[in-house]
Amino acid sequence: MAPKDAALPEPSFRESVDIMFNRAVALMDLSPGLEEKIRVCNATYTVRFGVRLRGAIHTFVGYRSVHSEHMEPVKGGIRYATGVNQDEVEALAALMTYKCALVEAPFGGSKGGLCIDPRDWEEHELEQITRRFAYELAKRDLINPSQNVPAPDMGTGEREMAWIADQYRRMNTTDINSAACVTGKPVNAGGIQGRTEATGRGVQYALQEFFRHEEDKKAAGLSGTLAGKRVVVQGLGNVGYHAAKFLSQEDGSKITGIIERDGALHDEDGIDVDAVRDWIVKHGGVAGYPDASHRVNGAELLEIDCDILIPAALEGVINMSNAERIKAPLIIEAANGPVTAGADEILQKKGCVIIPDMYANAGGVTVSYFEWVKNLSHIRFGRMQRRAEEARHELIVSELERLDDMLEHRWSMTPDFKQKYLRGAGELELVRSGLDDTMRSAYQAMREVWHSRADVKDLRTAAYLVSIRKVADSYRAKGL
Ligand code: GLU
C-alpha cells in the first residue's frame, strides 16, 4: 500500500499503522513474504458474554488480538472504552510488537479491549464483568504467564489487574507462576514499585534524552534544557498526569495548556498539575478551575504556540483536519497513534519533530517486563543486594573519615554525601534505573539510524527500521 495522499480521506487507525510500517519497509531489504508475515495480525479473538446485573442479562463485546508471536509471551494492555473495535485493537497490538522490539522487552505484541464505559457501572459490577472477561480469555490461553500477559490501558488500572490475576489463580490453582499472568498489579498483590507512573516517567526520560543531543534539538528548532519550556498536554489521565507532573516538578518545564474532555485550561505562566488533577477528581472535569482560563473547545489548544505538545489521550487527535495548524516544533506521542499517517506527512513537511509512540510510551511495558521477571523469580529486586551494598559503602565512608581525622580535618566530605552514598538501591530506584537505561538506549538506536541514513527523514521511520529488523531477525532465527 502506498502512502496516502493528503487529499485522500483519513485512513483507519490500523491502516495508518500499516502505512507507516510500509514507509519503513520500503527502505529495507526484507523478502515480500517476511514483510507480509510481520505486518499482518496473527489472530483476533472476539468474545460476547452475558453477565446478570441489575436484574437483567447484559451482553458485552470484548477482543484480544495477537499481532506477532515471534517471541512469547505476547504482551499488551486491556482497554475499557465504548469505542473499542477490532480495527483499533489490531492497530494497538501491532504497535505493541514494534514497541517491545524497540525497547528489547522479550515479548510479541498483543492488545485487548472491552466495549464498555466503566463510569456506567458500580465497582462490584465492574469486578463481575472483568472476572467474566478474564475467564473467557484465560480459558483460551489469552491470559497466561507464558503465552499472553495483559496489562492496564485506557480505562483500566491496578484494580482490574488484581481481579484478573485472582481470576486466573482460581482457574489455575497449581500454577506457581500465576502472578505473572498479568502486569500492572497493585504492589501488595504481586506488582512492582513504579509501574503506575512508568509510562509518564518514560515520557520524561525520553524528553531528557532528546534534550541531551544538540543536533536533535536543532532539528526541532529548540535549544537549552527542558527548564522553562512551554508544554501543552492533552489528557490528564495516568500517562498525561505523570508526564506533566514530573516535567514541571523535576525539570522546571511550564505546563501552559491542559486539554481534557470538557475543554482546556490555558495559562502562559504555567498550571499547577496536581491542583488540576485534584479539581478533576472532585468535579469530574476541568471546567470551573479557578487558576487558568478555560476554553470549551479543548482541541483548539492543540494548535497554540508552545515548545512541546504531548498528546496523551486517544488515537487520531492530530489528523489531516488540524495538522496544518499545529505550531509545536516537537510532539511526543505519549498516547498510542495520536498522529495519523496523513498528519505525520503534513507535520514533517512543516519541520516538526515527532518522538513516536512506540518509543515515547514504552515506559509502561518496560516496567511491566520488570514486574513479570519479578513474579517469575519470586523475589523483590534488591532484596539480596541492598544491605550488602550498603555495608561495602560504609567501609569506604569510614575509611574516608579515618583519613579525614589523620589529616586533621584539612578536607571534608560534602554534608549529604555520606547519607546519599550509604543508601543501597531499593526496588523503586532499580526500576527507575532500568527504565532510564532502556529509554536512553532505545533513543540512541533510533537516532543512529535517523542521522546515519539519508533516506530516513524522521524518528518514526527510524524506530520502525530498528524494531522491524529485530522482529525479522527473530523470525529468521526461528527458521521462517
Ligand atoms: N497498555 C500499555 C501500552 O500500550 C502497557 C502494556 C503492557 O505493559 O503490557 O504500552
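Points to keep in mind about this one:
- Screening the range 101-127 for residues that are aliphatic (A, V, I, L, M) and over 19 Å from the mean Cα position of the chain (by Cα) and picking the one that is surrounded by the most Cβ atoms within 10 Å (Cβ to Cβ) gives LEU114.
- Tabulated pairs, the range 109-127, first within 13 Å of TRP163 (Cβ to Cβ), second away from the ligand (no atom under 14 Å from the Cβ) and small (Gly, Ala, Ser), C-beta under 7 angstrom, 6+ apart or interchain: LEU114/GLY62
- In the range 141-157, the count of residues that are surrounded by fewer than 24 Cβ atoms within 10 Å (Cβ to Cβ), more than 16 Å from the ligand (Cβ to nearest atom) and farther than 30 Å from ALA206 by Cα is one or more.
- Residue in the range 275-285 that is surrounded by 24 or more Cβ atoms within 10 Å (Cβ to Cβ) and within 25 Å of the chain's Cα centre (by Cα) present: no
- Residue match in the range 431-447 (condition: within 20 Å of the chain's Cα centre (by Cα), under 30 Å from VAL187 (Cβ atoms) and of a type in the set (Asp, Glu)): yes
- Boolean, ILE355 is within 16 Å of the ligand (Cβ to nearest atom), touching a strand residue (DSSP E or B) at 6+ places or on another chain (Cβ under 6 Å), modelled with pLDDT of 95 or more and closer than 25 Å to LEU102 by Cβ: yes
Each row is one residue, and each column tells you yes or no for (1) touching a Gly at 6+ places or on another chain (Cβ under 8 Å); (2) within 13 Å of LEU301 (Cβ to Cβ); (3) of a type in the set (S, T, N, Q).
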{"residue": "GLN234", "(1), (2), (3)": "yes, yes, yes"}
{"residue": "ALA243", "(1), (2), (3)": "yes, no, no"}
{"residue": "PHE246", "(1), (2), (3)": "yes, no, no"}
{"residue": "GLU250", "(1), (2), (3)": "no, no, no"}
{"residue": "ILE259", "(1), (2), (3)": "yes, yes, no"}
{"residue": "GLU268", "(1), (2), (3)": "no, yes, no"}
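- Residues in the range 448-471 that are over 16 Å from GLU104 (Cβ atoms) and within 18 Å of the chain's Cα centre (by Cα): LEU459, ARG460.
- The residue of the range 85-117 that is farthest from the ligand (Cβ to nearest atom), among those that are part of a loop (DSSP other than H, G, I, E, B) and within 18 Å of THR199 (Cβ to Cβ), is GLU104.
- Being over 30 Å from SER467 (Cβ atoms), of a type in the set (D, E, K, R) and out of contact with any Phe, Trp or Tyr (no Cβ under 8 Å at 6 or more places or on another chain) is not true of ARG432.
The values are calculated or read from the model by the stated rules, or taken from the named source; none is laboratory data. Predicted model only: the values in this text are computed from it and were never measured. As a convention, Cβ positions derive from the backbone with ideal geometry for all residues, glycine included, and neighbour counts pool all protein chains shown.
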